[in-house]
Structures are given as structure tokens and as C-alpha cells.
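Engineer: Mind having a look at this structure? Questions to follow.
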Amino acid sequence: MSTKKTTTQPLLDVQNLKTYFYTDDGVLTAVDGVDFQVAPRQVFGLVGESGCGKSVTSLSLMRLVDTPGKIVDGQVLLQGENLLDKTPAEMTKVRGSQISMIFQQPKSSLNPVFTIGDQIVEVFKIHETISEKDARQQAVELLRRVGIPDPERKAQAYPHELSGGQAQRVMIAMALALKPRLLIADEPTTALDATIQAQILDLMQDLRDTTDTAVILITHDLGVIAELADRVAVMYAGKIVEEGDTTALFDKPLHPYTQGLMGSIPVLGDTKERLEVIPGNVPSLINLQPGCRFASRCGARVEHNLEICTQVEPDLIEFDAGHKVRCWLYQEHAGHTPPLKAFADKKDRK
Amino acid sequence: MAVQSPPVASVEQVQDYRNNSLLFLTFRRLFRQRNAQVGMLILGFLVLVAIFAPALAPYDPDQSLIGVESIDKRAGPCIHLLGCPADQPEHYMGVDGNVRDQYSRIIYGTRVSLFIGFSTIGLAVIFGTIIGAVSGYAGGWVDNIIMRIMDVILAFPSFLLAIAIITVLGRGLQNALYAIAIVNVPVFARLVRSSVMSLKELDFVTASRSLGASPLRILFIRILPNAIPTLIVQATLSIGGAILEAAALSFLGLGAQPPLAEWGTMLGTERNQVFTSPHLVFFPGIAIMVTVLAFNLLGDGFRDAMDPRLAQLAKS
Amino acid sequence: MSAKSQTSPGRSPLIEVRNLKKYYPVRGGLLRRKVADVKAVDDVSFAIYPGETLGLVGESGCGKTTVSKTMLRLEEATAGHIFFEGEDVLAADAAGMKNLRRNMQIVFQDPYSSLDPRLPVGESIAEALVVHGIGDPQERFERVLAVLRKVGLEDYHATRYPHQFSGGQRQRIGIARALILDPKFIVLDEPVSALDVSIQAQVLNLLSDLQQELGLTYLFVAHNLAVVEHISHRVAVMYLGRVAEIAPRKALFKKPLHPYTQALMSAVPKKHPAEKKERILLTGDVPSPLNPPTGCRFHPRCPVARMGHCDVEEPQLRQLEPEHWVACHYAEDFI
């Protein structure tokens, strides 16, 4: 699919989503005011380290957050309809048919006592009136589609007879069975070996180009984003800190966190003596300090001697066309002139 | 190695760190839990009653009042505050068939029941832990033989087994205690075995091995202490069960023998008076129920306090 | 293959693994008799020289972790020899082994299970000193503080409990524990794969610094090729219990000679969306080590395998270029 932006209404519009966990130690602001839009047929990447809230965001979209977690604010508009207003019964219908999901551990997501054919047929039967024979035929077709060799026979197999890669293919088949509008893929290749990950990435690229389903791709691996995503949002400590088209973001990461992330990854064929390091650790999401959540680890803040960073939280502003960033290096405020605007402009002209 | 000599803290200076340990945090969670709070409250009350029984009981629990007071046997409760005529002797829970003050007997019964609960389960925990630890750590045929024996014990209905053991040992409270302890050993043996088996695969145990630590050190210093939390949960829940079993054995006349004030025995000897003198069955029954409930609430509280799920959530 | 020929002249290895085998018996039937073997490690040989890092890469089930565990006798090998400064580790008795362990340590993958949750980390680190009867409590404590500073932590951390640390900090503690006996050799078993990328970089830099400062020798076991390339001096690639290729880092990553290494490298996701990447997609999954393919174990998935040869004759490691060993019949085609 081309990465051209469409001006039509977004398929999914998430506004000010807040999901908090009420723990014994205090309120954990796992997702704290997240906004993003996913266009039809787009692959939208959500990248960040553990604890940044990317997985909780996806569970919130599906309304699958368990206690002590709670969605406390925001809207999740799927084609204009707010999913957070739906009754549990209506939501059950949405899951699977309009939004579906695949997980990191495909084997534990399949029911061990049924054949994989039965499990796909089950998906059809729950949501559609369809004859057993047609459903079974479609199931085999789907398995063929996701690259399972000899699908007629494999439909009779039980999950334990599949390898990890095959199980993930089956999960993808089940997720796509009802041609959902949106597929949420939560670390779909993280648990797989390198050569199998390559196979699954190849399959997902193929599906991206041949189906109408939009994808939210959740991962910690910038390489997977580079392979698949059209647009990407970087999350840190419960907030989106940068969002842009994938190429633009990789060309010119704006946020110091994104820059640090890219510098800290060893790249094949590009050995350097030392890796760049983001000092410190992710802050606890309970009892957050005021100001930017990245401030305590931010080298740019020290370099430019910015005081505002530890006092006021910056907004997510559009810096370039379609390229948003949440950082005082780029944003004006009463008594604060962003130091990097000119610098970034210069880089633009180059 | 770079030589650095900044001021070094001494071992003694840092002894106050224990209040961040997992055990401490578990107890802090435990104290915040409603179930556990209620359980602890009741249990604390029972322990106080047991300790101060001589002060609380107005009469000697084993002393018949025939000839001392003019009162019928199995007379109902008489409480002056609630309108019982002041010329009658006061008995909060009435008197039993041998004209003994029921209230005093219930109070002294607390001692017996708590002793039964802690001693039986204490024995079972000690032997179960040793058996389970050996079985789980050794593995192979040792494990196989030990666990098959435990399976055989578990296959008997525990109460029947206890009766069978008493038949061999003879009736009496002490033998009933042994019987209940034996019946509970396999429960703890299995629990400890499975904890040991999963803990010995963890990296910190492997790390100990790679440092050159001996198997005994690993078992007793690395593995078993980490099995204690699950053991506490099961032990607390089992104490309630043991008290019930002891009461049931005594009810059948196999456990505590008269005149010992034991709730089960009290129930058993007066069971035919359920309709004529319900207070003689009601109060011992309530006492057993409250005690068992306290242990069960506390056990559930422990389980919740040790549930790692909340800690997990904070990580994701 | 003569393992000895793999050592290069002029240098004497710190550790040499010769024809190492580790089979796990599969039992079946009523009498639980052995019916087959899972050949987790099947005739593996390599040498590690003082001060260098040997990277050991491969996918899950290739035997790389088993190799590292048998080297420290955390698993007992089925056959073979492991020489540490000339002494055969596998033949050492209990006392000899305890002595050897002072020089050979391990850092684990999972920072959450590698520390005793019940103990302040200072005590976990000090355990080695206690076990080996080194120093009195005050001396031990001072050594713990010294090693904590060395891994970038602070004195007060010694009295904290594992649950009070983040994953990266716990991994530093695991490294501190491995360092306290001043070992010469450390096995790093996937030390950064459970960590977030920003933390991973911190730990990788720390490992490099420690190696330079203390002259340590590492065996770095990992599945992530980029990480291995970053930290290793030489790299061994394993597939299904055997070494497929072993070479100095630059040679291996510049010109991989085994088709499996090539596929592994092409499977790494691209680093920029605009990058064009030719991908060698392997078909199928890694076969079970219970019943490995005949001949070359890679032949069913190999894009260049020739039937009649590769499926019959098992290739041996051959030196095709200086210090570059490959187990492939047709490796010359890639030179």
C-alpha cells in the first residue's frame, strides 16, 4: 500500500485516552492523554520501551483493560462511533469483526484442545451465519493465504503440533477471518526466531499490500517499524512524544528520546566502539514529577540549559507537516524561546 | 582493580534495611486487606482469650456445680443484665449435663483448639517440608518412591485415615493430634516439593551453583526460604481444617476425652439435647465456626497479599 | 575434524572446547527406557583466547545456551573436553571444580529471576565470598561496595532488595556478582536480550569497559546478530547443535561463507524504511534436534543445497580463509 496520506475521515480517532491503574502504592498513569489517528489501510506503528504504555493503549482500544486498570477519560472513535460508549454486548460484537488482535505469544493464544481448523470455523460461526462446510472451506483458504503448507491437512492439527512461526500465521489467519477494519498486532514477531520473524514480516508486508485492513503495530523494535509501518508514534512514560511518517521520523528524529533510542541500537554492519546511551531509567509512573517526563534523562535539556522542562509539560505540536513532537526544544511558551527551531530549519534546507 | 577508598559504610550501619524486604512488603499488604484484618482481629481476640482464660472464666471449667449452686442441669443462659432474676446464679451460656459452667468451658476450649491447630499443623509442616524438600531436590527414584507413598496417604479419605490411625494408636487427644498431623503431611510434602522443583530451575539458584555453593547450602539457604510464603498460606488454611478435624474426632469420642473442655467433645456429649437444650450445641458450634473462619480469612488474606499479579501489572 | 587445528599458532587459548557433546535422553514406554537422544550439542569445538569476546549466535534450540552451561558444568556434558588454562574442567573433582569456579562465572538472561528476591543484593553478591571463605563480614562488605561502584551502582544499593531495581540495574547487579571473585572468564548468556534498547546500550558499554579495565575474557551468547557484531572479536554461528561457521567479526559480517549465516544476516530488519534489502527467506522451521536431517543439518532449508551430496555427507569445519572456518561443502562459491 502506498504511504500517501488520505484526507478522508480517519478510520480510528483516539482522543485524550487515559488509562490508569489503581495500585496499592498509588495511581499509575500508564496511558496519560494519548491522541492519534489511523487512516484506512494504514499501518500505524506504536513504538516504545516496556512500561511506556503502548500495550495498555492497545488493550484500551479493545476495552480489555482489567482491574485495577481503568479507562478514565478520552474517546476511541472507530468510524465516528465511540467504542468507550458501547455496552459490553455491543463491544463483544466489535471485537473480532471490526477490530481484531494478535499477540506476542501465539501458542498461548490458541486453545490447545481444538484443532486450528475448528478454531477458525468458530470465529466465522460466532459472527456470521454460515454453513459448516463453507466455513471450513474458508478456513482452509485462509490458512493457505497466510502461507501454511498443505492447509487441508494442517487444519486438522492441534496447536501443540505447530511451530511458533506457524502458530503466529494461524493467529493472523484468525484475526483476518472476518475482514476486520483494524488489526492490532502486539509485538507479533518478538517471540520468534530471526529467520521466522523474517517470514512473518514478509507475510505481513504481503497482507498489508493485499487487504483493506488497517494495522496498529505495537513493538519495541524500530527495525520492525522500518519494515512495515507507514506512520509511527513514539511513546514514552504514557505519552506520545513524537509522531510522523516513518521515513520522515527515521530521516530526522526530533525528540531527544527518539534520537537517543536510534543511537543506542547496535546496527548490523555499522560497528562503533561505543553505543550512545540514554542515561538513567524510565521514571515511575506513580507520583510523577512535574514537567516533561523525559527531562531527568534528557541530554538536550542540559546542553541548552532549559529550566522549563522540569516545570511545565510540553504539548504535542506539529513541527513539520505531519511531524509532531512534544518537546520544549521546539515549542514556544511565555518567556521561553525554543532553541532548536532555527537549527531544525537549517537541517531542513540541506 | 582500581583502588578506591572513599568512606565505607560498615555492616552495622546498614542493619535497618530489612523494612524493604519482600516479607515486610507482604505483611504490609496483608495488614491493608479487609479479609485479613477481620481474620487477624478475631484470631488476636482468641489468642487473648486463651492466654487470659483463668481470669476470664468465672468457674473452673471441669468442676461440677452439683451441691455448690442450686441449679438444674442443662439450665439455659442466665444473664442478670438481660433480665434474669438476680437471685439465680449467673451463667452466660448456661450449664451442661454435668452442671458445669458452659461459658467457662468455651473459654478454656479456646486454649485446646488453638493448641490443636498449631501443634498438628506445626508437626505436619516440619515433616512435610523435610520430605518434600528431599523429594524435590533429589528427584529421580527417591522422589518417585516418596511421592507414591504420599499419593497412597492422600488417596484415603483423610478423616477415615485419621480414624484408622487412632484405632491403632488408641483414643485420646494426643493420638488424635498425631493422626491429624500425619494426614496433613502429604499436603505440605507436595507443596514444598513443587516449590523446590520450580525454584531450583531459577537463575539465582543456578548462580549459586556456579559460585561453588554446596547442595545443602543451596537447598536450605537459597531454595527453602523462598518456599516459605506458599507454605504460610497453606498452613494458615490448614489450621482451620485441623481444628475442624479434631473437633469431629472428639465429637465421635475418639479425640479429647471428658472432662477436658474441648468444643468437639462438648458438641458430641450433648448432641441428643439439640432440641431440648439448644444452647449446649449452639455455643460450641459457634466457637468452632468463628475460629475456623478466622484462620480461613487470614489464609485467603495471605494468598492475596502474596499474589504477584499486582507487582506484574506495575511492570507492564 | 581435528579440533586442535582450530587453534591458531602463536596464541594459547584461555578456554578450549573439544568435541563437546550433550545429549538429553528421551524416555518412553512402561519401563521409562531410553528410546532416543536429543542431540542438543553434537561435536562442538572452539577456542577462546585471553582478553577476547567470542560471540555465539544461533536461533532457539541451536544449543548455544547448552554449550555455555556445560562449560561451567551447570549441565554435565555427555562427551568431550573443556580445557581451562590446560586443566580439563569436565574431569575436575568437587574440590578442583570449586577452585575453577573462582575463575569462571556466568551472567544470566533474565534479570528478574537471577537474584534471590529475599535477600538484599549486597548479600547476593557476597555469597561467593562466603562460599569460598574469603574475608570477614566487614571485608566482604567493602568488596561488595567496590564491585558495585565498578558496575556503576552506588553504595546504598547494597542494602536494597531486587524488587527495588529496574531490569537494567538488576543486570548490573548480576554482573557485579559474577565479578566479585575476580574471574578470568565470564559466560554472558543473553545478558541484554531481556532489556529495553536504551538500557541494553548501557549494559553493552559497561561490559566493554569492564573487559578493557580487567582484561576479562567473554563468551557472549545471543540471538541478536547486531548485538553480537557490536561486542565480539570473533563469532561462532551455531545451527542444530553444531558450529556452522566461526570467524573474526569483520570477516564473518563482511563475507559470511555459510548459507545459514547469510540467511540469518538478511533476516535482520532494515534500519531505515528507505533501505532496499535483499532477503533470503528460509522456508520452513528449524527441524527437531531429536531427529536431525541426514548429511548437512541445514540442507532441507538451504537455498544452495545439492541433493545427493548435502543430504548424504555431513560437512566438516574447514578453514577457507585465515581463521575463517566454515562447515559447508560449497562455501568456496561464496568467496
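The values are calculated or read from the model by the stated rules, or taken from the named source; none is laboratory data. Model, not experiment: these values are computed from the prediction. Here the Cβ is made from the backbone with ideal geometry for all residues, glycine too, and neighbour counts use every protein chain on show.
Engineer: Identify, from the list A:D150, A:D212, A:D202, the residue that is away from every other protein chain (no Cβ under 14 Å) and surrounded by fewer than 19 Cβ atoms within 10 Å (Cβ to Cβ).
Structural biologist: A:D212
Engineer: A follow-up question, please. Within segment B:265-283, identify whether any single residue is among the small types (G, A, S), away from chain C (no Cβ under 14 Å) and either buried (at least 24 other Cβ atoms within 10 Å of the Cβ) or at positive phi (or both), and answer yes or no.
Structural biologist: Taking every residue of segment B:265-283 in turn, none turns out to be among the small types (G, A, S), away from chain C (no Cβ under 14 Å) and either buried (at least 24 other Cβ atoms within 10 Å of the Cβ) or at positive phi (or both).
Engineer: Quick check on C:G168: is it surrounded by 23 or more Cβ atoms within 10 Å (Cβ to Cβ) and in contact (Cβ under 8 Å) with a residue 60 or more places away in the chain?
Structural biologist: When the stated conditions are applied, C:G168 does not pass them.
Engineer: Within segment C:315-332, which residues are of a type in the set (F, W, Y) and more than 17 Å from C:D43 (Cβ to Cβ)?
Structural biologist: If the condition is that a residue be of a type in the set (F, W, Y) and more than 17 Å from C:D43 (Cβ to Cβ), then C:Y330 is the only one that fits.
Engineer: List the helices (runs of 4 or more DSSP H) inside segment C:28-138, counting only whole elements, that have at least 1 residues being closer than 18 Å to C:A176 by Cα and within 11 Å of another protein chain (Cβ to nearest Cβ).
Structural biologist: C:94-101, C:121-131
Engineer: Go over the candidates A:L203, A:L192 one by one and state the one that is out of contact with any Cys (no Cβ under 7 Å at 6 or more places or on another chain) and in contact (Cβ under 8 Å) with a residue 40 or more places away in the chain.
Structural biologist: A:L203
Engineer: Residue pairs, Cβ under 6 Å, 6 or more apart or interchain, first in segment A:110-132 and over 20 Å from A:D150 (Cα atoms), second among the aliphatic types (A, V, I, L, M). List them.
Structural biologist: Note: pairs meeting the criteria are A:V123/A:M174; A:V123/A:A177; A:F124/A:I130; A:F124/A:A135; A:H127/A:L178.
Engineer: Moving to a separate point now. Being in contact with a Leu (Cβ under 9 Å, 6 or more places away or on another chain) and not polar (S, T, N, Q) is the filter here, so list the residues in segment A:213-222 that pass it.
Structural biologist: Listed by number, the residues that qualify are A:A214, A:V215, A:I216, A:L217, A:I218, A:L222.
Engineer: Condition first: closer than 25 Å to A:I265 by Cβ and away from chain C (no Cβ under 14 Å). Now tell me which residues in segment A:45-86 satisfy that.
Structural biologist: Across segment A:45-86, the qualifying residues are A:L46, A:V56, A:T57, A:S58.
Yes/no matrix, rows are residues, columns are (1) acidic (D, E); (2) surrounded by 21 or more Cβ atoms within 10 Å (Cβ to Cβ); (3) in a helix (DSSP H, G or I):
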position: B:F27; (1), (2), (3): no, no, yes
position: B:N35; (1), (2), (3): no, no, yes
position: B:D62; (1), (2), (3): yes, no, no
position: B:R105; (1), (2), (3): no, yes, yes
position: B:F115; (1), (2), (3): no, no, yes
position: B:G122; (1), (2), (3): no, no, yes
position: B:T129; (1), (2), (3): no, yes, yes
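Engineer: Would you check which residues across segment C:279-303 are crowded, with 20+ Cβ neighbours inside 10 Å, more than 10 Å from chain A (Cβ to nearest Cβ) and of a type in the set (A, V, I, L, M, F, W, C) and list them?
Structural biologist: Of everything in segment C:279-303, those that are crowded, with 20+ Cβ neighbours inside 10 Å, more than 10 Å from chain A (Cβ to nearest Cβ) and of a type in the set (A, V, I, L, M, F, W, C) turn out to be C:C296, C:F298, C:C302.
Engineer: Right, another one. How many of the residues making up segment C:221-252 are crowded, with 21+ Cβ neighbours inside 10 Å and not aliphatic (A, V, I, L, M)?
Structural biologist: 8
Engineer: Could you please let me know if B:V192 is over 30 Å from C:F108 (Cβ atoms), at pLDDT 90 or above and assigned to a helix (DSSP H, G or I)?
Structural biologist: no
Engineer: Follow-up. Select the helices (runs of 4 or more DSSP H) contained entirely in segment A:249-350, then report the ones holding at least 3 residues which are hydrophobic (A, V, I, L, M, F, W, C) and either more than 26 Å from the chain's Cα centre (by Cα) or at pLDDT 85 or above (or both).
Structural biologist: Here the list reads A:341-349.
Engineer: In the list C:L252, C:L225, C:L179, C:L240, which residue meets the criterion of being out of contact with any strand residue (DSSP E or B) (no Cβ under 7 Å at 6 or more places or on another chain) and within 13 Å of chain A (Cβ to nearest Cβ)?
Structural biologist: C:L240
Engineer: Just to be sure I understand, how many residues within segment A:268-319 are in contact with a helix residue (DSSP H, G or I) (Cβ under 6 Å, 6 or more places away or on another chain) and among the aliphatic types (A, V, I, L, M)?
Structural biologist: The total comes to 6.
Engineer: On to the next question. Looking only at residues that are surrounded by 24 or more Cβ atoms within 10 Å (Cβ to Cβ) and of a type in the set (A, V, I, L, M, F, W, C) in segment A:229-240, which one is nearest to A:G280 (Cα to Cα)?
Structural biologist: The extreme case among them is A:M235.
Engineer: Something else now. Any chance segment B:284-294 includes a residue that's under 30 Å from A:D25 (Cα atoms), of a type outside the set (K, R), buried (at least 18 other Cβ atoms within 10 Å of the Cβ) and touching a Gly at 6+ places or on another chain (Cβ under 7 Å)?
Structural biologist: Yes, segment B:284-294 has at least one match.
Engineer: Of the residues that sit in segment A:248-292 and are facing another protein chain (nearest Cβ under 7 Å) and charged (D, E, K, R), which one is surrounded by the fewest Cβ atoms within 10 Å (Cβ to Cβ)?
Structural biologist: Per the criteria, the residue is A:R274.
Engineer: On the basis of being outside any loop (DSSP other than H, G, I, E, B) and modelled with pLDDT under 95, does C:A263 make the cut?
Structural biologist: Yes, satisfied.
Engineer: In segment B:197-212, what residues are under 35 Å from the mean Cα position of the chain (by Cα), among the small types (G, A, S) and facing chain C (nearest Cβ under 7 Å)?
Structural biologist: Once the filter is applied, which keeps residues that are under 35 Å from the mean Cα position of the chain (by Cα), among the small types (G, A, S) and facing chain C (nearest Cβ under 7 Å), segment B:197-212 yields only B:S208.
Engineer: C:F108: among the aromatic types (F, W, Y), modelled with pLDDT of 90 or more and closer than 27 Å to C:M71 by Cβ, yes or no?
Structural biologist: When the stated conditions are applied, C:F108 passes them.
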